[in-house]
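Some notes on the structure that comes next.
The values are calculated or read from the model by the stated rules, or taken from the named source; none is laboratory data. Keep in mind that what you see is a predicted model, and the values were worked out from it rather than measured. Don't worry about glycine lacking a Cβ; one is built from the backbone with ideal geometry, like all the others, and counts go over all protein chains shown.
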Amino acid sequence: MSRFDEIRYILWPNGPRPNVWAVLDGARDPKIYGAISDSHNIGSCLYAGTISHTLERCAPHLVRLEYEDMRLTKRLFENAWGQSWGILLQSDTSMERLRRHLRRFLVVEDYRGRRLAFRYYDPRVMRVFLPTCATDQLDEIYGPIDCFWTESEDASQLLKFRRSSRALVKDRIELRSQTV
């Protein structure tokens, strides 16, 4: 079984459902925007308002991954696995509600009240940040989201972060295949 097939089974264990999303970091690689643009997947830039084309290409994008139309999904796992292109999540809510929810975390305040960009959609950030959160922070971050997935530090595992009895649970899923 290829890595792509392994990850596909993990994301959709019960077959096709429109509840798997990616937040892809356009600043990470110029190919990301092209991959999104070339797909037929439902998606939206997380930045609001009128922005330049240059900024849109570098922005984070929320994209629904499709079980049936696997062009973008397969491209992500063939070309981008281990490259920190973004995070995955599971949610049964609408794209509009999910986008609104995720936009709330693009800018945060530090302990001095300074506004900072928060690149939570970078798996290197998310996998370190979530375990540090208090219960009320997890409530806020998860909102309509059931779980988050990120690649592991060496891409040999898929990390799943889920809530259980108001606590964070981190599952490490070993990927047996080393190639897609």
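If you check Arg163 against the conditions, is it at pLDDT 95 or above and basic (Lys, Arg)? Against the criterion (at pLDDT 95 or above and basic (Lys, Arg)), Arg163 does not qualify.
Let's see how each residue does on (1) free of Cβ contacts under 8 Å to residues at least 12 places away in the same chain; (2) in a helix (DSSP H, G or I); (3) on the phi > 0 side of the Ramachandran plot:
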site	(1), (2), (3)
Gly82	no, no, yes
Leu89	no, no, no
Thr93	no, no, no
Arg99	no, yes, no
Tyr111	yes, no, no
Leu130	no, yes, no
Ile141	no, yes, no
Phe148	no, no, no
Arg172	no, no, no
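Here is the figure for segment 1-40: residues that are acidic (Asp, Glu), in a loop (DSSP other than H, G, I, E, B) and either at pLDDT 85 or above or crowded, with 19+ Cβ neighbours inside 10 Å (or both) total 1. One residue stands out among those in segment 50-64 that are crowded, with 16+ Cβ neighbours inside 10 Å and outside any strand (DSSP E or B): the one that is nearest to the chain's Cα centre (by Cα), which is Ala59.
Specify which of the listed residues (Tyr67, Tyr47) is surrounded by 13 or more Cβ atoms within 10 Å (Cβ to Cβ), under 21 Å from Leu11 (Cβ atoms), aromatic (Phe, Trp, Tyr) and out of contact with any helix residue (DSSP H, G or I) (no Cβ under 6 Å at 6 or more places or on another chain).
Going through Tyr67, Tyr47 in turn, just one is surrounded by 13 or more Cβ atoms within 10 Å (Cβ to Cβ), under 21 Å from Leu11 (Cβ atoms), aromatic (Phe, Trp, Tyr) and out of contact with any helix residue (DSSP H, G or I) (no Cβ under 6 Å at 6 or more places or on another chain): Tyr67.
If I filter segment 96-116 for residues that are under 18 Å from Arg28 (Cα atoms), surrounded by 13 or more Cβ atoms within 10 Å (Cβ to Cβ) and touching a Ser or Thr at 6+ places or on another chain (Cβ under 8 Å), do I get at least one hit? The answer is no, given that none of the residues of segment 96-116 is under 18 Å from Arg28 (Cα atoms), surrounded by 13 or more Cβ atoms within 10 Å (Cβ to Cβ) and touching a Ser or Thr at 6+ places or on another chain (Cβ under 8 Å). Every test in (1) touching a Lys or Arg at 6+ places or on another chain (Cβ under 6 Å); (2) loosely packed, with under 15 Cβ neighbours inside 10 Å is passed by Ala134 save one, and that test is (1).
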